[in-house]
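I have placed the structure first, in the form of structure tokens, so that the comments after it can refer back to it.
The values are calculated or read from the model by the stated rules, or taken from the named source; none is laboratory data. Note that the coordinates shown come from a computational prediction; the quantities given were computed from them, not determined experimentally. In this analysis, Cβ positions are derived from the backbone assuming ideal geometry, glycine residues included, and neighbour counts consider all displayed protein chains.
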């Protein structure tokens with residue numbers, strides 16, 4: 001089994017449009033949450049969301065390339081461009097090598113709804129335009145980026161609810177580890193619009209703390225009242241150790257383990273056993289003990305049930321070792337399909353710069369969260385190995401162990 005390393009990362013999120021901006025926001029504990037007035041007009045119970053600038057791709061991509069990109073695809077293109085630049089992968093490299101892409105995405109709601117609205121109003125499908133089909137398919141990110149960058153390796157979308165981005169990295173790790181691929185572009189993308197979030201609002205999943213948007217996402221806090229939706233994109237370039245050395249690439253980190261499980265119970269209510277099995281499998285695959293983990297980037301979305309169950313699972317697996325824990329969702333909100341990938345990028349930035357980002361807005365523990373060693377303020381601390389958790393509807397769980405390359 002081959003070693004799998006990370007040679008590039010990129011991000012476009014509500015706390016920064018690039019790695020430099022994001023690193024500063026993480027260190028300062030800066031929130032990217034605000035109010036979307038359009039959601040208020042649409043009758044949402046909660047208009048809270050991560051606030052992102054619309055990317056300007058004119059001048060970067062041709063018209064034919066731009067019209068096929070859905071909103072989340074635009075974010076993914078910019079994140080991937082940044083990651084490839086860091087990895088030192090130029091266009092001629094894609095021509096000579098079978099580079100793959102596995103990206104997490106579980107909706108393209110805006111593109112679908114806009115197409116249907118046009119059909120209903122105009123009664124003429126030819127007015128949809130040639131880009132509509134490529135924007136509306138769930139595989140919009142992988143099909144577009146594979147075409148834009150001229151990729152020749154594995155190419156499909158990972159659709160695993162809020163664990164999609166994490167599973168994409170995990171599956172990339174397995175393919176490279178087994179020798180089926182040498183380099184894979186992995187990541188996760190999430191559209192940020194009301195169309196994609198209406199059903200979540202309808203089941204009362206969101207915080208309604210709209211009077212103080214930056215304090216609404218409160219992972220592990222006793223007074224948490226729901227998640228705050230967000231999004232963007234994050235890209236992680238995975239590569240075999242042999243390939244990275246041959247290219248002379250700088251190695252940022254190594255993927256040591258991937259754990260996964262299914263709760264097999266309620267479609268939306270989490271439990272303790274599933275995450276415990278995912279975490280335990282990740283540690284077993286990495287061939288390390290719980291005491292070797294320095295930091296956990298928790299899934300914790302700020303929901304009453306989910307955070308409590310995760311706290312119990314972390315206590316069960318790590319117990320007296322009590323590694324530092326924080327949920328970067330306290331700053332970003334829940335980036336859904338993107339989250340599993342972005343939280344790897346966030347944690348890598350912490351590992352590179354010797355700090356642990358704070359779990360902001362945490363004021364009062366409950367019986368479960370009191371057992372965790374939460375970083376409620378920025379902690380200057382060396383991270384040798386970390387775990388990132390991602391859990392999703394349907395009971396899908398993913399845990400990744402990443403560490404410094406030695």
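Tabulated data
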| quantity | calculated |
| --- | --- |
| Residue selected from the range 370-398 under the condition touching a strand residue (DSSP E or B) at 6+ places or on another chain (Cβ under 9 Å) and assigned to a helix (DSSP H, G or I), by the criterion surrounded by the most Cβ atoms within 10 Å (Cβ to Cβ) | 395 |
| Subset tally (residues that are closer than 21 Å to residue 189 by Cα and surrounded by fewer than 21 Cβ atoms within 10 Å (Cβ to Cβ)) for the range 3-15 | 0 |
| Hits in the range 17-50 - residues which are more than 30 Å from residue 176 (Cα to Cα) and free of Cβ contacts under 8 Å to residues at least 40 places away in the same chain | 21, 24, 37, 40, 41, 43 |
| Boolean, residue 307 is in a helix (DSSP H, G or I) and outside the structural domain of residue 231 (by TED's automatic domain parsing) | yes |
| Qualifying residue in the range 124-144 (condition: in contact (Cβ under 8 Å) with a residue 60 or more places away in the chain, under 30 Å from residue 229 (Cα atoms) and in contact with a strand residue (DSSP E or B) (Cβ under 7 Å, 6 or more places away or on another chain)) | yes |
